[in-house]
Ligand code: ADP
């Protein structure tokens, strides 16, 4: 599958689950753009600059991974960057129900962009940024859930 894939998300914060999806997908594409979306229905815990810095630390060893933030439709972001694939991770059937709707609507708006799903590795399927934020708010240690390259949040 030569071409550019966009991996969109909030990454609030980046987790070992996100890292694993990008690492496993890299051999399939020429390059991956990790796209930090500003979602109108979500308010973030961490500012976009911090989220970007942690993602850049996580993927510093890969010259074919770029981190860019955006505040438009994901398909418009893909068009702007010449990307022909949207990459998403699937943890559970709940993810599937939500993701399949988005993928179908994106396809109706832009049939030339395919959404590619990767199943999460079992060891990362319980990791949610939402739960990590709750642990942080309550003073817990999240180091086992975030990439090694991110020294501290
Ligand atoms: P969004 O707000 O778009 O759901 P996230 O930052 O939560 O953004 O997730 C970005 C992408 O990473 C989504 O495709 C999501 O399914 C995937 N993802 C999230 N957590 C994990 C995980 N633990 N393992 C694999 N993929 C994950």
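Bear in mind that the values in this text are calculations on the coordinates, not laboratory data. These numbers come from a predicted model, not from an experiment. Every residue, glycine as well, gets a Cβ built from its backbone with ideal geometry; the counts of neighbours run over all protein chains shown.
Rounded to the nearest 0.05, the FRET efficiency derived from the C-beta distance between residue 141 and residue 102 at R0 = 22 Å is 0.10. Treating the angle as unsigned and between 0 and 90°, give the value, to the nearest 10°, between the Cα long axis of helix 16-25 and the longest Cα principal axis of the chain. With both axes taken from Cα atoms, the answer is about 30 degrees. Taking the longest Cα principal axis of the chain as reference, the axis of helix 48-58 is set at about 90 degrees. Rounded to the nearest 10 degrees, the inclination of helix 93-109 to the longest alpha-carbon principal axis of the chain is 40 degrees. For residue 148 and residue 94, the difference between the fully extended length at 0.36 nm per residue and the C-alpha to C-alpha distance is 16.7 nm. Given their separation in residues at 0.36 nm each and the Cα-Cα distance between them, residue 112 and residue 57 gain 16.6 nm when the chain is fully extended. Placing a label point 7 Å from the Cα of residue 131 along the Cα-to-Cβ direction, the residues of segment 45-71 whose backbone N falls under 20 Å of that point are 45-46.
If N is the number of residues in the chain, what value comes out of its Cα radius of gyration divided by 2.2 N^0.38 Å?
Dividing the Cα radius of gyration by 2.2 N^0.38 Å gives 1.00.
Between segment 95-147 and segment 1-78, what is the C-alpha centre distance in whole Å? After rounding, the separation between the Cα centres reads 11 Å.
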